[in-house]
Each structure stands twice: as C-alpha cells, then as structure tokens.
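Chemist: Please read through the structure below; I'll follow up with questions.
Values in this text are rule-based calculations from the coordinates and carry no lab data. Since the structure is predicted, the reported quantities are computational estimates derived from the model, not experimental observations. Using ideal geometry, Cβ is built from the backbone for each residue, glycine included, and neighbour counts are taken over all protein chains shown.
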Amino acid sequence: MISRVLKLLGVLVFLVALGAVWFWSDANTPYLHSQPPVEVDIAPGVSSRQIARQLQEAGVIRRRSTFLLMHYLRPRKTLKAGFYSFDRRIPPKEVFRQLVMGEVARQEVTIPEGYNRFAIAELVQAVGLVEREEFLKASADTSLIADLSPLAPSLEGYLFPDTYQFPRHSGAVPIVRAMVNRFRQVYSAVRPLDDERSLHEIVTMASLVETETGKDDERAVVASVFYNRLRLGIPLQCDPTVVYAAILQNSYHGTIRQVDLQSNSPYNTYAYAGLPPGPIANPGKASLFAALHPATTKYLYFVANSMGHHTFSRTLAEHNLAVTLYRRSLPR
C-alpha cells in the first residue's frame, strides 16, 4: 500500500514538474501569430478571462491558459485597460508585464505652428486620438490658463505647437493640458522679467505674426508693423483675423470675400481698430519672441513679394507700389 502511494506521489510530482516546465517554456517563448503590428484595444472593466481570449484571438499569445495562470499566480497585479500595439514576437510574460504596467501604445502627432484650435481638432481626429467636437469642447475651457490670462475667450494661442505622443483613448482633456503645460514651459523661458504687457496681448500679437509670416528673419519686423499701427491708432488690417472671424461664424470657404471684410466680428481688424479679442492661432517660440522683442522700425505696411518674403513700407504710396509690383509678378 505504501509503495503504491509513493508511486502515485512520484507520478504526481513528475506531472507537476512536467507542467511547470511546460508553463515556463510557454511563458518564455516569443510568439506573434498575426502580421505585425497587432493592435489590441482592452476596454475598461473587462475580466482577465476576456483579456486572455482577446489576446489569443488577436494572435498575441498562443494559449489563454498560460496567460491566465500567470495572472492567478500574481493576483495583486492588475491588468490595465488601454490600446496596445505589438510590433514583434514577445513571450507571454512580456505581454503580461506590459498590461500590468499599462504600457499602452502612443500616437505621435505634430501640431504645426500657426494652427488654430479648429485645425488642431481636425488633426487629432484624423490620427485617431480624439473626436473633433470633444477637442473643441476641451479647448474652450479656459480654467487651465485662468491664472495666466483671465481674459482669454478660449485656449486658442495657448496650445503650443510641438510634437507629442499621446496614449490612444486618453481623451481630449489630457491632450489639451499637455499642450498648455508645454506653452507655460516655453513662454517662461522667453519672457522678460520686466515686461509689463499682459500675456493676453503678447500671445494675441504672436498669433498675428505667426499667421502672417513663416520666415524667422521677418517675424520681429512684422511685429513692429503691428505695434506701430497700434500706437498710431491705425486698424491692423490683418487678413488672417478676417479668416478667423469667418471660421468662428462658420462662413469661411477658403478665400477672403468682400462680405468677410465687412463682417461685424470683433476679430475683423479691418472693421475694428486694436488687437482682436484674443489669439487667432497658436504661435511657436519664434513668434512669441518676436511679439516680446519687436524690431525698431517705422514700417506701417507689408505685402508679399515674388521672392517668397515680404516688402515692408513706411508710406501708403510705397506700399501701393509694392502691391502693384507683386501683382505683376503673379502668373497670368
């Protein structure tokens, strides 16, 4: 009887050892059955069994049982929901680790300088980060900059253009917060300590500069033109403000029309003197610097020229000549 029990125990120990070897081998063997990258979206609240089934069906792991056993052996390790991407063969233990650590896939997106929040909303929707309307709602909430710019009508101007990496399904608020935090970081590095102008004025001016020129050597000169006109009480007559006014009124069709120039919007700097109520785009560091440090000039006008830059003028007669020369250079 004792020998039979010992024999049974020996068989049991052998089976347990065999199972342990099998488990260790399967848990450490790289696997990816599908063509990479394999994307798996783990919804919040799903069970570990559902997660294991989802991973197996996607071809990320070979056997659900191995993954579940790893989880049962570590019951305090929580599997995190999120969007995961697997671009190479990795063992189940590494898949388990990534889900425990919440190493979700990140979507890289570059926000160009001069994009307004409506264009950014289109962009983040296009790359699959967040819906356009959700982003617009989040970027309309000024609580993130209430301490910096209490007069700001939206977060326009404070969504710093840069390259970001955001987790999929993170929502609009974390995206907007990251852009505002980046603005704070950059602006604190360029602002003079003794500047008495309001941040709202600086960012609004920088947005005008950003939308008028992409040339670094022109930004400070463009800023000087606008500051000169403000000082003399001359309307800024900045075309991008007319475009922005039309966008706000949902009436922009790709070109400025006469009706746009006659718009009663306070953003229309042909109809209203002074700066518009707020920024019309999100400026980069160079335009912020130009708004803080304009060139010293007597220029009051500028127009594009055939060289891809601008011609600056002190008088209306000089400006009209520059406009005529530019129009003659256009292809017919």
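Chemist: What is the dipole size for the chain, taken about its Cα centre, with +1 at each Lys and Arg Cβ and -1 at each Asp and Glu Cβ, in debye to the nearest 20? Walk me through the numbers before you get to the answer.
Modeler: Numbers: 36 positive and 29 negative charges, 337 e Å.
That gives a dipole near 1620 debye.
Chemist: Still on this structure, please answer the following. Suppose each label sits 7 Å from its Cα in the direction of the beta carbon; what would the Y72-Q258 distance come out to in nanometres?
Modeler: Roughly 8.0 nm, to one decimal.
Chemist: Any idea which of P36, V46, F86 is furthest toward the positive side of the dipole for the range 29-101, if Lys and Arg beta-carbons carry +1 and Asp and Glu beta-carbons -1?
Modeler: Towards the positive end, the residue furthest out is V46.
Chemist: Would you tally the net charge around R62, using a Cβ to Cβ cut-off of less than 14 Å, leaving R62 out, and scoring K and R as +1, D and E as -1?
Modeler: +2
Chemist: Rank P283, L316, V222 by how far each Cα sits towards the positive end of the charge dipole of the range 199-329 (+1 on Lys, Arg Cβ; -1 on Asp, Glu Cβ) and give me just the farthest.
Modeler: Result: L316, furthest along the dipole toward the positive end.
Chemist: Run the reach check for K80 against aspartates and glutamates, Cα to Cα strictly under 20 Å, same-chain hits fewer than 8 apart removed. What comes back?
Modeler: Once the sequence-local aspartates and glutamates are set aside, what remains near K80 is E39, D41, E57, E94, E103.
Chemist: Follow-up question, since we're still on this one. Please give me the summed charge of the neighbours of A246: other residues whose Cβ is under 9 Å from its Cβ, Lys and Arg +1, Asp and Glu -1. The partial results should precede the final answer.
Modeler: Values: positive: R257; negative: D260.
Here the count lands on 0.
Chemist: Can I ask one more? Report, in debye and to the nearest 20, how large the dipole of the range 185-325 comes out about its Cα centre when Lys and Arg carry +1 and Asp and Glu carry -1 on their Cβ.
Modeler: Values: 10 positive and 12 negative charges, 30 e Å.
Roughly 140 debye, rounded to the nearest 20.
Chemist: I would also like to ask the following. For the chain, build the convex hull from the C-alpha positions and give me its volume per residue in Å³. Show your work: numbers first, answer last.
Modeler: Details: hull volume 63.7 nm³, N = 332.
It comes to 192 Å³ per residue, whole-number rounded.
Chemist: Please enumerate, by chain and number, the aspartates and glutamates with C-alpha under 13 Å from the C-alpha of K298, excluding those fewer than 8 residues away in the same chain.
Modeler: E318
Chemist: Here is a further query. Looking at the range 62-120, which trypsin sites (Lys or Arg not before Pro) are DSSP coil and have at most 11 other C-beta atoms within 10 Å of their C-beta? All intermediate terms of the calculation are to be shown ahead of the outcome.
Modeler: Working: sites: R62, R63, R64, R76, K77, K80, R88, R89, K93, R97, R106, R117; in loops: R62, R63, R76, K77, K80, R88, R89.
Counting only loop positions with at most 11 other Cβ atoms within 10 Å, the trypsin sites (Lys or Arg not before Pro) in the range 62-120 are R76, R88.
Chemist: Here's something else I'd like to know. Determine the calculated [θ] at 222 nm for the chain from helices alone, applying -39500 (n - 2.57) to every DSSP H run no shorter than 4 residues and normalising by the residue count; nearest 500 deg cm²/dmol. Intermediate values should be presented prior to the final figure.
Modeler: Details: 13 runs with 161 residues, N = 332.
Result for the chain: -15000 deg cm²/dmol, rounded to the nearest 500.
Chemist: Mind checking which helices in the chain clear 18 Å along their axis (Cα) and have mean Kyte-Doolittle hydropathy of 1.0 or more, DSSP H runs only? Intermediate results must be reported in sequence, preceding the final value.
Modeler: Details: long enough: 2-28 (38 Å, 1.47); 172-190 (28 Å, 0.60); 199-212 (20 Å, 0.59); 216-232 (25 Å, -0.18); 316-329 (20 Å, -0.20).
Passing helices, by number: 2-28.
Chemist: Assuming 0.36 nm per residue, please report the length gained on full extension of the stretch Q237 to V173 beyond their Cα-Cα distance.
Modeler: 19.6 nm
Chemist: Taking every Cα atom in the range 18-114, find the radius of gyration and the maximum pairwise distance Dmax, and write them in Å.
Modeler: Cα-based Rg and Dmax for the range 18-114 come out at 14.6, 64 Å.
Chemist: Another question, then. Between R88 and D147, what is the label-point separation in nm under the 7 Å Cα-to-beta-carbon projection?
Modeler: With each label placed 7 Å out from Cα toward Cβ, I get 4.2 nm.
Chemist: Looking at the range 154-253, which GluC sites (Glu not before Pro) are in a loop (DSSP not H, G, I, E or B) and have at most 15 other Cβ atoms within 10 Å?
Modeler: Numbers: sites: E156, E196, E201, E210, E212, E218; in loops: E156, E196.
Listed in order of number, the matching sites are E196.
Chemist: Given 0.36 nm per residue, what is the gain on full extension from E103 to L321 after removing their alpha carbon distance, in nm? Please list the in-between numbers first.
Modeler: On the way: separation 218, 0.36 × 218 = 78.48 nm, distance 6.05 nm.
Using 0.36 nm per residue and subtracting the Cα-Cα distance, I get 72.4 nm.
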